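One structure is given below, encoded as structure tokens.
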Amino acid sequence: MTYDLYVVTDEQIGHGRSHAELARLAVAGGADAVQLRDKSLSCRSLLTAAREVRVVTAEEGALFIVNDRLDVALAAGADGVHLGQSDLPVECARRLVPPEFIVGVSVRCADEAVRAVAGGADYVALSPLFATGSKADAGAGHGLAALASIRSAVGVPVLAIGGIGQRNVREVIAAGADGVAVISAVVAAEDVAAAARGLKAQIVAAKEARRRR
């Protein structure tokens with residue numbers, strides 16, 4: 001699985017664009033994975049949005065992940081679910097899904113990452129890496145040292161989310177991230193596809209530089 005650029009949709013900062021439209025533009029710009037995240041929608045409305053995003057990602061060959069809601073992810077035919085530390089435990093989710101279904105987990109430190117992987121997580125995401133305004137409940141950033149510690153502790157892909165953009169994405173990859181998850185850096189842009197394209201180019205270049213070290 002490739003998680004180089006993982007875009008989280010957000011209609012509130014998306015300039016009136018729907019989750020499906022944000023997904024379409026992000027994937028056109030090179031996003032490898034799209035996560036549907038919307039705390040305000042009812043279950044049925046979220047499922048409708050999820051099915052629309054599923055169509056977009058299936059057509060373009062991108063991964064589709066639903067935030068928090070395993071039931072919606074399964075009903076929409078998503079590729080996976082992303083769980084927080086207060087959501088359904090990863091080991092419980094693992095027992096409910098097909099073997100190929102992706103389960104990702106937000107973590108704050110290496111210990112949480114190790115526990116998540118032991119429970120069956122396919123990837124972990126340090127959240128937040130830097131302070132961010134996109135998630136009001138995210139808290140203070142954990143920093144690049146925490147990212148490097150997690151990378152050393154687990155064998156699954158490690159993502160980072162929070163405060164990442166054009167100005168710092170290269171240092172995030174250099175610190176060991178296998179990919180970056182972004183919200184405002186892409187979906188809040190006037191030109192979503194161009195923003196995604198620019199970030200993806202930076203990530204690819206940073207990974208190549210890391211391989212040469």
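Laboratory data are not the source of any read-out in this text; all were calculated from the coordinates shown. For clarity, every value in this text was computed on a predicted model and none was experimentally measured. Neighbour counts are summed over all protein chains in view; Cβ atoms, including those assigned to glycine, are modelled from backbone coordinates with ideal geometry.
For Gln12 and Ser42, compute 0.36 nm times the residue count separating them, minus their Cα-Cα distance, and round to one decimal in nm.
9.2 nm
With unit charges on the beta carbons (Lys and Arg positive, Asp and Glu negative) and the dipole taken about the Cα centre of the chain, which residue among Ile150, Ala26, Ala118 sits farthest to the positive side?
Toward the positive end, the furthest listed residue is Ile150.
Given an 8 Å cut-off on Cα distances and at least 6 residues of separation, report the relative contact order of the chain as a percent.
That works out to 22 percent.
Between Val55 and Ala194, what is the label-point separation in nm under the 7 Å Cα-to-beta-carbon projection?
2.8
May I ask you to compute the full-extension gain from Ala140 to Leu96, defined as 0.36 nm times their residue separation minus their alpha-carbon distance, rounded to one decimal in nm?
The span from Ala140 to Leu96 would gain 12.6 nm if fully extended.
Kindly put Arg151, Arg212 in sequence by how many other C-beta atoms sit within 10 Å of each C-beta, fewest to most.
Arg212, Arg151
Can you give me the three principal axis dimensions of the chain from its C-alpha atoms, in Å, biggest first?
Result for the chain: principal-axis Cα extents of 46, 40, 31 Å.
Dipole magnitude of the chain about its Cα centre, charges +1 at Lys/Arg Cβ and -1 at Asp/Glu Cβ only, in debye to the nearest 20?
500
For a quick check: sort Lys200, Lys39, Lys207 by the number of other beta carbons within 10 angstrom, fewest at the front.
Lys39, Lys207, Lys200
As a footprinting exposure proxy, order Val27, Val154 by other Cβ within 10 Å, with the fewest listed first.
Values: Val27 26, Val154 18.
In order of increasing Cβ crowding within 10 Å: Val154, Val27.
Let me have the relative contact order for region 53-92, percent, based on Cα pairs under 8 Å that are six or more residues apart.
Relative contact order for region 53-92 comes out at 33 percent.
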